[in-house]
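Right, one structure below, let's go through it.
The values are calculated or read from the model by the stated rules, or taken from the named source; none is laboratory data. The structure displayed is predicted, hence computed values, not measured ones. Cβ coordinates were reconstructed from backbone atoms using ideal geometry, including for glycine residues, and neighbour counts include every protein chain displayed.
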């Protein structure tokens with residue numbers, strides 16, 4: 001390890017040289033209170049920024065162990081430190097001048113959710129902090145401007161480190177509030193199954209968002225208030241007593257007129273699998289952590305998936321117990337999404353009628369009279385939704401605006417009326433008696449087989465160069481293939497999508513062997529992330545990209561949408 005003075009002397013030597021001379025700066029340098037590591041140097045000022053990391057010894061950072069000993073508290077603290085550093089970095093970014101990316105200073109841009117990221121990690125035993133950032137090394141044209149880089153490394157970054165990563169310089173009460181909120185959210189998740197609930201929405205929550213492109217809470221929005229029939233009061237470690245709507249396990253229907261808040265409630269439940277920051281309005285909206293949002297997904301690929309629970313007897317004789325297609329229809333894609341979610345361990349399905357295939361969801365009485373059941377290969381979800389819960393313990397929360405057939409199957413029916421929920425179960429059940437369902441009850445479906453054993457693709461062999469590119473939240477490309485993730489709606493951050501690309505590449509090279517089942521592959525990936533963190537996915541620990549941890553359900557979704565996957 002070299003000293004900061006040696007780095008300053010090096011910068012003086014390479015000043016005004018050609019840009020590639022910046023590569024001489026790679027290495028570790030001891031600064032006052034921390035170690036600066038220059039891990040990767042960009043090729044020119046217009047390329048992706050250089051990657052740096054900062055390590056602060058636990059004794060120097062001096063955060064009390066209570067803030068990071070528990071995993072949920074540690075993730076919350078890492079998130080808060082990333083945000084603190086990001087605010088300071090934004091104040092100095094591009095203050096150093098030059099061409100292209102010159103002067104950029106940036107870390108991960110955190111959203112409303114609290115996610116585990118490579119941007120900042122704490123050692124749970126020692127309290128050491130590792131923070132990764134990007135810096136645009138300054139140049140005039142393609143000539144090094146080392147004096148401007150010296151400003152960044154010796155003036156701007158020390159201020160950011162001192163202000164964001166040392167406990168003594170931070171607001172202790174704010175950190176206690178962050179840790180307390182994480183503790184409350186974890187307590188809520190622990191309470192749900194014990195109370196027979198699959199979701200909880202606290203009174204006073206603000207569910208509407210500011211706009212379609214902003215995840216921040218809407219100003220002046222109607223605060224959530226539970227109907228008395230569903231009200232649940234809980235005692236949390238920090239906040240104390242809290243009351244809200246508890247959604248019981250089983251089949252729950254959310255109904256109401258257009259623009260009354262049905263989809264808004266469902267969207268909050270979708271993202272309730274993650275913790276949220278204070279002030280988001282959904283801090284105390286908590287959903288079963290295995291919940292999966294299901295929708296139709298025309299055109300997706302399906303690899304040897306057993307969809308026979310819903311689709312059988314296709315006219316072309318295609319095997320639906322090992323269904324395979326490059327271009328799924330709305331109904332087959334939604335059937336596959338349900339079965340794949342069961343394979344991924346989901347115990348709660350979330351659906352919106354607006355994004356579902358109509359023929360997959362329900363067949364009305366007139367259609368059943370004209371097209372008899374033995375002529376229709378699709379068994380509607382309506383005919384299986386009770387079986388999913390009664391036989392497999394998988395609950396469903398469904399938003400419906402046009403079909404009342406689900407009144408018969410639902411355990412609980414909630415009407416959204418101008419963003420206010422009302423329990424109308426008794427009324428809806430009485431009205432449903434006048435519209436009895438036709439047709440004889442179905443025989444229970446055979447349990448779907450989860451025995452797919454994917455094989456690796458030759459192009460991803462160890463040592464072969466692979467071009468991996470994240471496409472925001474829309475997907476990820478590996479070499480010539482793009483995995484479309486636009487309809488995996490619980491991805492909250494583009495860094496999760498990037499992590500899925502690395503999960504897929506790691507699996508292709510080390511786990512897919514034709515012997516492990518898909519479940520075993522995902523379990524091994526999650527075990528790796530638990531033990532070693534997201535950086536373990538990367539072949540080189542130098543220049544680790546910004547990644548955020550996805551759930552196992554999203555890892556399954558990514559693997560299932562990989563067209564080159566061979567089972």
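Summed over region 530-550, residues that are out of contact with any helix residue (DSSP H, G or I) (no Cβ under 7 Å at 6 or more places or on another chain) and either in a loop (DSSP other than H, G, I, E, B) or buried (at least 19 other Cβ atoms within 10 Å of the Cβ) (or both) total 5. Scanning region 438-462 for residues that are surrounded by 15 or more Cβ atoms within 10 Å (Cβ to Cβ) and over 18 Å from residue 560 (Cα atoms) returns a single hit, 445. For residue 91, indicate whether it is surrounded by fewer than 16 Cβ atoms within 10 Å (Cβ to Cβ), out of contact with any strand residue (DSSP E or B) (no Cβ under 8 Å at 6 or more places or on another chain) and part of a helix (DSSP H, G or I). Yes, satisfied.
For region 30-59, a tally of residues being closer than 30 Å to residue 167 by Cβ and within 35 Å of the chain's Cα centre (by Cα) returns 19.
Residue 43 meets all of the listed conditions (1) buried (at least 18 other Cβ atoms within 10 Å of the Cβ); (2) in contact with a helix residue (DSSP H, G or I) (Cβ under 9 Å, 6 or more places away or on another chain) but one, namely (1). Among the residues of region 226-250, the ones that are part of a strand (DSSP E or B) and within 22 Å of residue 389 (Cα to Cα) come to 4 in all. A residue that is assigned to a loop (DSSP other than H, G, I, E, B) and in contact (Cβ under 8 Å) with a residue 60 or more places away in the chain can be found somewhere in region 419-427. Of everything listed in (1) more than 22 Å from residue 111 (Cα to Cα); (2) free of Cβ contacts under 8 Å to residues at least 24 places away in the same chain; (3) part of a loop (DSSP other than H, G, I, E, B), the single unmet condition for residue 486 is (1). Scanning region 90-103 for residues that are in contact with a helix residue (DSSP H, G or I) (Cβ under 9 Å, 6 or more places away or on another chain) and more than 16 Å from residue 158 (Cβ to Cβ) turns up 97, 98, 102, 103. Could you please let me know if residue 96 is at negative phi, surrounded by 21 or more Cβ atoms within 10 Å (Cβ to Cβ) and over 29 Å from the mean Cα position of the chain (by Cα)? Considered against the rule, which asks whether it is at negative phi, surrounded by 21 or more Cβ atoms within 10 Å (Cβ to Cβ) and over 29 Å from the mean Cα position of the chain (by Cα), residue 96 comes out as yes.
Residue-wise test of (1) surrounded by 19 or more Cβ atoms within 10 Å (Cβ to Cβ); (2) farther than 21 Å from residue 292 by Cβ; (3) at pLDDT 95 or above; (4) out of contact with any helix residue (DSSP H, G or I) (no Cβ under 7 Å at 6 or more places or on another chain).
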residue	(1), (2), (3), (4)
195	no, yes, yes, yes
203	no, yes, yes, yes
212	no, yes, no, yes
215	no, no, no, yes
228	no, yes, yes, yes
231	no, yes, yes, yes
235	no, yes, yes, yes
242	no, yes, yes, yes
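Annotation for region 36-53: no member residue is more than 15 Å from residue 136 (Cα to Cα) and not in a strand (DSSP E or B). Looking only at residues in region 251-275 that are more than 18 Å from the chain's Cα centre (by Cα) and part of a loop (DSSP other than H, G, I, E, B), the one that is surrounded by the fewest Cβ atoms within 10 Å (Cβ to Cβ) is 258. Looking at 210, 223, 278, just one residue is in a loop (DSSP other than H, G, I, E, B), without any contact (Cβ under 8 Å) to a residue 40 or more places away in the chain and either under 24 Å from residue 348 (Cα atoms) or in the same structural domain as residue 185 (by TED's automatic domain parsing) (or both), and that residue is 223.
When residue 156 is tested against (1) surrounded by fewer than 23 Cβ atoms within 10 Å (Cβ to Cβ); (2) in contact with a helix residue (DSSP H, G or I) (Cβ under 8 Å, 6 or more places away or on another chain); (3) within 30 Å of residue 281 (Cβ to Cβ), exactly one condition is not met: (3). Criterion first (under 24 Å from residue 52 (Cα atoms) and either free of Cβ contacts under 8 Å to residues at least 40 places away in the same chain or assigned to a loop (DSSP other than H, G, I, E, B) (or both)) does residue 492 satisfy it? Answer is no for this residue. The residues on offer are 542, 548, 536, and the sole one that is under 19 Å from the mean Cα position of the chain (by Cα) and touching a residue at least 60 places away in the same chain (Cβ under 8 Å) is 548.
For region 138-152, the criterion of a residue being under 22 Å from the mean Cα position of the chain (by Cα) and surrounded by fewer than 18 Cβ atoms within 10 Å (Cβ to Cβ) is satisfied by no position. Within region 109-123, restricting attention to residues that are in contact with a helix residue (DSSP H, G or I) (Cβ under 6 Å, 6 or more places away or on another chain) and part of a loop (DSSP other than H, G, I, E, B), the residue that is surrounded by the fewest Cβ atoms within 10 Å (Cβ to Cβ) is 110.
No other residue among 133, 149, 153 is touching a residue at least 12 places away in the same chain (Cβ under 8 Å), part of a strand (DSSP E or B) and either touching a strand residue (DSSP E or B) at 6+ places or on another chain (Cβ under 6 Å) or closer than 30 Å to residue 24 by Cβ (or both) apart from 133.
Let's see how each residue does on (1) at pLDDT below 95; (2) in the same structural domain as residue 472 (by TED's automatic domain parsing); (3) crowded, with 16+ Cβ neighbours inside 10 Å:
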{"position": "23", "(1), (2), (3)": "no, no, no"}
{"position": "59", "(1), (2), (3)": "no, no, no"}
{"position": "69", "(1), (2), (3)": "yes, no, no"}
{"position": "73", "(1), (2), (3)": "no, no, yes"}
{"position": "84", "(1), (2), (3)": "no, no, yes"}
